[in-house]
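Notes follow once the structure below has been shown.
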Amino acid sequence: MPFKKYPHKIDQLSSHMTPLVPTSDMNTASPPALKIISSVGLAQPTIAELNRYRLHHGTNLGSIFVLERWIFPSMFLDSTSGRSELSAVSEHIKHYGLKATREKWEKKHWNTALTPEDWRFLRDTARVTSVRLPVGYFTLGPAFCAGTPFEAVGKVYVNAWAAVKRYITTAAEHGIAVLVDMHGLPGGANDETHSGTDSGKAEFWENEGYRSLATSALMFIVKEVVQDPVLRDWVLGVQLVNEAIWGAGEKGMWDWYNITLAAIATVDPTLPIYISDAWDLGPALDYASKSSQIPIVVDTHKYYCFSDKDKTAHPDSILTKIPHELADQYGEAFVIGEWSCVLSEESWSQIPAAARPATVHRFAQAQSQRWNTATAGAFFWNFKMSWKWGFVEQIKAQNLLPPPGRGLSPQQIREAYATAQISLLALQTKALGEHVAYWNEHVRGGVMEHWRYQKGYGQGFSDALAFWRNGGDVIGLAKLWVKKRTNEYAPRGGKWVWQYEHGVKKGMEDFRAVVGV
């Protein structure tokens with residue numbers, strides 16, 4: 001695979017991107033002195049933009065910085081009654097003291113949870129583009145633990161953020177971007193132990209102090225990303241909250257989103273920010289689409305083993321609905337932040353044990369294919385587990401599929417790239433002709449600047465080529481990318497800027513068609 005360590009630029013493609021010359025019958029107001037548009041105009045995508053906007057294929061690195069007992073049971077003493085990070089660390093301090101506990105967390109967990117072999121596996125075998133890295137507010141150190149249930153154990157986390165940064169640096173060295181996920185918020189965004197405690201309560205939404213602390217913690221992370229050149233290029237986004245409890249919108253979630261996003265925008269308005277859909281995707285997508293200050297991506301989770309309906313369903317019944325999932329949200333800016341190939345025991349009991357491996361294979365591949373086509377990417381839960389359902393096991397069983405481009409050899413990627421270059425002018429001519437013909441028929445006698453569509457098409461196709469050169473990547477956050485390019489082209493807008501926007505979108509779509517993804 002053509003991964004590079006810290007790539008800083010990609011070859012210029014503008015020599016292949018010369019748009020067609022507008023003709024007099026195009027019903028267009030082209031600049032009178034302009035015989036030819038010599039280049040697509042905007043800068044090539046940076047490495048940070050490639051990492052942020054490509055179709056994400058990855059896994060969660062869960063239970064490293066926010067422990068879950070069922071994933072890393074070795075971090076829990078037998079005498080520990082709870083199942084959360086706080087229970088584990090508190091019990092260990094009780095028996096062995098602060099120094100020994102901090103040493104165990106640092107040296108025997110954070111520094112060893114992923115080995116060099118694991119990183120090579122992620123890059124070379126799984127061919128991931130990205131990983132989702134859950135952290136807690138306590139991961140940022142003792143200052144952020146003050147006034148919270150973690151205050152008494154806060155000194156364990158003195159070096160935790162430095163460990164997070166090492167993970168991001170190591171990921172970058174392997175060509176892998178990182179979504180930093182604020183998995184554990186003070187008070188709990190939900191009532192599960194993966195918020196950090198065993199309280200069984202979701203107190204975050206109605207506690208002003210907790211919400212303020214969380215905003216400060218997220219601001220700290222964003223500032224770290226902006227100030228560190230490696231993080232700036234390789235952190236693909238920051239997630240505000242994981243699995244906000246159902247109904248959080250009625251408890252102040254949208255207001256907290258507004259406050260936190262406005263604060264982040266003052267530091268870096270270009271960094272994509274991920275929000276939880278609180279188990280209700282539609283309203284979250286509607287909220288995200290209205291943002292003008294910062295790119296917002298919605299995180300939704302797909303499991304088929306928790307709802308009453310799914311728990312009793314036959315595996316084949318579940319399989320038949322997957323190809324139709326998320327049809328109403330197609331093309332929107334969202335990812336599947338967590339998914340798996342686990343079904344309930346009641347579902348499994350409806351088929352013979354001998355049929356289960358083949359069913360898991362079909363179930364996993366159906367989801368892989370759907371998430372690769374209907375979303376901006378997906379992150380499997382979880383990379384490592386103490387049982388058979390982890391990412392490693394599923395990759396080794398060839399149950400999971402990377403995006404089509406990521407499954408190609410370097411030679412195949414180069415050949416598809418060359419084919420796309422050769423096809424550009426013919427595709428652009430056809431698209432422009434169809435566009436002009438449509439508007440000449442529907443808007444008679446008006447003056448329209450069709451040369452903007454032409455220019456946008458060249459830009460969209462050029463951008464798609466640039467992503468493809470990056471190991472067979474395609475643009476996953478297409479809607480946000482089109483919006484970004486349009487704003488760069490015409491920051492103040494204009495009557496006919498929509499033509500440029502439509503051209504960018506069409507150029508990107510035609511590229512994907514010609515390379516077959």
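The values are calculated or read from the model by the stated rules, or taken from the named source; none is laboratory data. Predicted model only: the values in this text are computed from it and were never measured. All Cβ positions, even for glycine, are placed from backbone atoms using ideal geometry, and neighbour counts span all protein chains on display. Ligands, DNA and RNA are stripped out before the accessible areas are found, and what is left, the full protein with its side chains, is counted by its heavy atoms. Shrake-Rupley method; radii C 1.70, N 1.55, O 1.52, S 1.80 Å.
In the set PHE138, PHE76, PHE72, only one residue is in contact with a Phe, Trp or Tyr (Cβ under 7 Å, 6 or more places away or on another chain) and over 15 Å from GLY175 (Cβ atoms); that residue is PHE138.
Residues checked against (1) surrounded by fewer than 24 Cβ atoms within 10 Å (Cβ to Cβ); (2) under 20 Å from the mean Cα position of the chain (by Cα); (3) of a type outside the set (D, E, K, R); (4) at negative phi:
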{"position": "ALA171", "(1), (2), (3), (4)": "no, yes, yes, yes"}
{"position": "VAL178", "(1), (2), (3), (4)": "no, yes, yes, yes"}
{"position": "MET182", "(1), (2), (3), (4)": "no, yes, yes, yes"}
{"position": "GLY200", "(1), (2), (3), (4)": "yes, no, yes, no"}
{"position": "GLU203", "(1), (2), (3), (4)": "yes, no, no, yes"}
{"position": "ASN207", "(1), (2), (3), (4)": "yes, no, yes, yes"}
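Can you pull out every residue in region 317-356 that is of a type in the set (D, E, K, R) and either surrounded by 13 or more Cβ atoms within 10 Å (Cβ to Cβ) or over 30 Å from GLY237 (Cα atoms) (or both)? Answer for region 317-356, where residues must be of a type in the set (D, E, K, R) and either surrounded by 13 or more Cβ atoms within 10 Å (Cβ to Cβ) or over 30 Å from GLY237 (Cα atoms) (or both): LYS321, GLU325, GLU332, GLU338, GLU345, GLU346, ARG356. Name every residue in region 129-185 that is among the hydrophobic types (A, V, I, L, M, F, W, C) and assigned to a strand (DSSP E or B), in order of residue number. If the condition is that a residue be among the hydrophobic types (A, V, I, L, M, F, W, C) and assigned to a strand (DSSP E or B), then VAL131, LEU133, VAL135, ALA177, VAL178, LEU179, VAL180, MET182 are the ones that fit.
Of all residues in region 90-115, those being open to solvent by less than 30 Å² (accessible area, probe 1.4 Å) and within 26 Å of the chain's Cα centre (by Cα) number 4. For region 263-284, the tally of residues that are under 18 Å from the mean Cα position of the chain (by Cα), open to solvent by 10 Å² or more (accessible area, probe 1.4 Å) and of a type in the set (Ser, Thr, Tyr) stands at 1.
Residue by residue, here is whether (1) outside any helix (DSSP H, G or I); (2) farther than 30 Å from PHE379 by Cβ; (3) over 33 Å from the mean Cα position of the chain (by Cα) holds:
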position: GLN411; (1), (2), (3): no, no, no
position: LEU424; (1), (2), (3): no, yes, no
position: LYS430; (1), (2), (3): no, yes, yes
position: GLY433; (1), (2), (3): no, yes, yes
position: ALA437; (1), (2), (3): no, yes, yes
position: LYS455; (1), (2), (3): no, yes, no
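Are any of the residues in region 246-262 more than 19 Å from the chain's Cα centre (by Cα), closer than 24 Å to GLU49 by Cα and among the aliphatic types (A, V, I, L, M)? Yes, there is a match, as at least one residue in region 246-262 is more than 19 Å from the chain's Cα centre (by Cα), closer than 24 Å to GLU49 by Cα and among the aliphatic types (A, V, I, L, M). In this structure, does LEU465 turn out to be within 31 Å of the chain's Cα centre (by Cα) and either in a helix (DSSP H, G or I) or closer than 30 Å to SER409 by Cβ (or both)? Taking the combined requirement at face value, the residue satisfies it.
From the residues in region 65-84 that are open to solvent by 30 Å² or more (accessible area, probe 1.4 Å) and among the charged types (D, E, K, R), which one is nearest to the chain's Cα centre (by Cα)? Among those that are open to solvent by 30 Å² or more (accessible area, probe 1.4 Å) and among the charged types (D, E, K, R), it is ARG69. Of all residue pairs spaced 6 or more apart or on separate chains, those with beta-carbon atoms under 7 Å, a first member in region 475-501 that is assigned to a loop (DSSP other than H, G, I, E, B) and a second member that is open to solvent by 40 Å² or more (accessible area, probe 1.4 Å) are TRP496/ARG452.
Please find, within region 150-164, the residue that is nearest to SER212 (Cα to Cα) out of those that are within 26 Å of the chain's Cα centre (by Cα) and surrounded by 15 or more Cβ atoms within 10 Å (Cβ to Cβ). Taking the candidates together, the pick is TRP161. Residues in region 116-149 that are open to solvent by 60 Å² or more (accessible area, probe 1.4 Å) and without any contact (Cβ under 8 Å) to a residue 40 or more places away in the chain: PRO116, GLU117, ALA143.
Residue-wise test of (1) more than 25 Å from SER291 (Cα to Cα); (2) surrounded by fewer than 24 Cβ atoms within 10 Å (Cβ to Cβ).
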position	(1), (2)
ILE422	yes, yes
TYR438	yes, yes
VAL443	yes, yes
TRP451	yes, no
GLY458	yes, no
LYS479	no, yes
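In this structure, SER87 does satisfy being over 29 Å from the mean Cα position of the chain (by Cα) and either open to solvent by less than 60 Å² (accessible area, probe 1.4 Å) or modelled with pLDDT under 95 (or both). Restricting the search to region 367-395, which residues are assigned to a helix (DSSP H, G or I), open to solvent by 20 Å² or more (accessible area, probe 1.4 Å) and without any contact (Cβ under 8 Å) to a residue 60 or more places away in the chain? Within region 367-395, GLN369, ARG370, THR373, GLU393 meet the criteria. Looking at region 102-113, can you tell me whether even one residue there is of a type outside the set (D, E, K, R) and within 17 Å of THR59 (Cα to Cα)? Scanning region 102-113, I find at least one residue that is of a type outside the set (D, E, K, R) and within 17 Å of THR59 (Cα to Cα), so the answer is yes. Scanning region 109-126 turns up at least one residue that is touching a Pro at 6+ places or on another chain (Cβ under 9 Å) and not in a helix (DSSP H, G or I). Beta carbons closer than 8 Å, at least 6 apart along the sequence or on distinct chains, pair a first residue in region 75-89 that is part of a helix (DSSP H, G or I) with a second that is surrounded by 22 or more Cβ atoms within 10 Å (Cβ to Cβ) and among the small types (Gly, Ala, Ser) for MET75/ALA88; GLU85/GLY136; GLU85/GLY184; GLU85/GLY196; LEU86/GLY196.
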